[in-house]
Amino acid sequence: MGRILAIDYGRKRVGIAVTDSMQIIANKLTTVPTHEIMKFLEEYFKQEDVEQVVIGYPLQNNGQPSQSIEYINPFIKNFLKKFPEMPIEQHDERFTSNLAFRAMIDAGLKKKQRQNKATIDAVSATIILQSYMESKKQF
């Protein structure tokens with residue numbers, strides 16, 4: 001069984017989270033500058049067995065796509081062109097930044113650590129991945 005990798009795509013940074021090889025636990029992996037994401041993914045896919053990619057897809061409260069779609073859709077198109085064999089799924093990422101901030105407070109991170117946007121992006125990717133995994137559980 002391969003890992004699931006989650007992407008929280010942003011204009012400046014991309015937060016990345018990944019599951020363990022058994023797809024039980026979501027862990028934050030890193031944050032990469034946006035202009036380096038394709039190179040990072042290419043290297044990561046060579047080193048790790050990734051079964052699927054989940055991309056945070058920002059929706060508004062009414063379920064309509066947010067303005068961020070303007071730069072996320074071109075990324076998805078480029079991703080599919082570069083990695084045509086990699087299954088990709090979009091997952092609602094509403095409120096993940098707020099949840100990430102709350103999770104960092106609950107974890108006891110100091111104010112200076114919570115202001116680090118790279119940390120917020122990686123934690124947001126982890127929340128996207130955890131939410132995706134929970135949505136796929138079958139009871």
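Yes/no per residue for (1) in a strand (DSSP E or B); (2) within 15 Å of the chain's Cα centre (by Cα):
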| residue | (1), (2) |
| --- | --- |
| Leu5 | yes, yes |
| Met38 | no, yes |
| Gly56 | yes, yes |
| Asn61 | no, no |
| Ile72 | no, yes |
| Leu80 | no, no |
| Glu85 | no, no |
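Could you please find all residues in region 40-56 being out of contact with any strand residue (DSSP E or B) (no Cβ under 9 Å at 6 or more places or on another chain) and not acidic (Asp, Glu)? Even if it seems obvious, please write down each step before you answer.
Applying the first criterion (out of contact with any strand residue (DSSP E or B) (no Cβ under 9 Å at 6 or more places or on another chain)) to region 40-56 yields 42-43, 46-47.
Those that are out of contact with any strand residue (DSSP E or B) (no Cβ under 9 Å at 6 or more places or on another chain) and not acidic (Asp, Glu): Lys46, Gln47.
Which members of region 59-72 meet the condition of being under 19 Å from Asp121 (Cβ atoms) and either out of contact with any strand residue (DSSP E or B) (no Cβ under 7 Å at 6 or more places or on another chain) or free of Cβ contacts under 8 Å to residues at least 24 places away in the same chain (or both)?
Ser66, Gln67, Ser68, Ile69, Glu70, Tyr71
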(message) So, in region 7-36, exactly how many residues are in a loop (DSSP other than H, G, I, E, B), closer than 20 Å to Tyr132 by Cα and of a type outside the set (Val, Ile, Thr)?
(response) 5
(message) Taking the condition of being basic (Lys, Arg) and surrounded by 17 or more Cβ atoms within 10 Å (Cβ to Cβ), how many residues in region 1-41 meet it?
(response) 3
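Does Tyr71 fit the bill of being aromatic (Phe, Trp, Tyr), in contact with a Gly (Cβ under 9 Å, 6 or more places away or on another chain) and modelled with pLDDT under 95? Even if it seems obvious, please write down each step before you answer.
On the way: aromatic (Phe, Trp, Tyr): yes; in contact with a Gly (Cβ under 9 Å, 6 or more places away or on another chain): yes; modelled with pLDDT under 95: yes.
Yes; evaluated as a whole, the condition is true for this residue.
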(message) Against the conditions (1) surrounded by 12 or more Cβ atoms within 10 Å (Cβ to Cβ); (2) touching a Ser or Thr at 6+ places or on another chain (Cβ under 8 Å); (3) modelled with pLDDT of 95 or more, where does Leu59 fall short? Just the number, please.
(response) (3)
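With respect to Gln90, is the statement that it is at pLDDT below 85 and of a type outside the set (Gly, Ala, Ser) true? Talk me through it step by step, then tell me what you get.
Working: at pLDDT below 85: no; of a type outside the set (Gly, Ala, Ser): yes.
No; evaluated as a whole, the condition is false for this residue.
The values are calculated or read from the model by the stated rules, or taken from the named source; none is laboratory data. Quantities reported herein were computed from a predicted structural model and do not represent experimental measurements. Quick reminder, even Gly has a Cβ in these numbers, built from the backbone with ideal geometry, and neighbours come from all protein chains shown.
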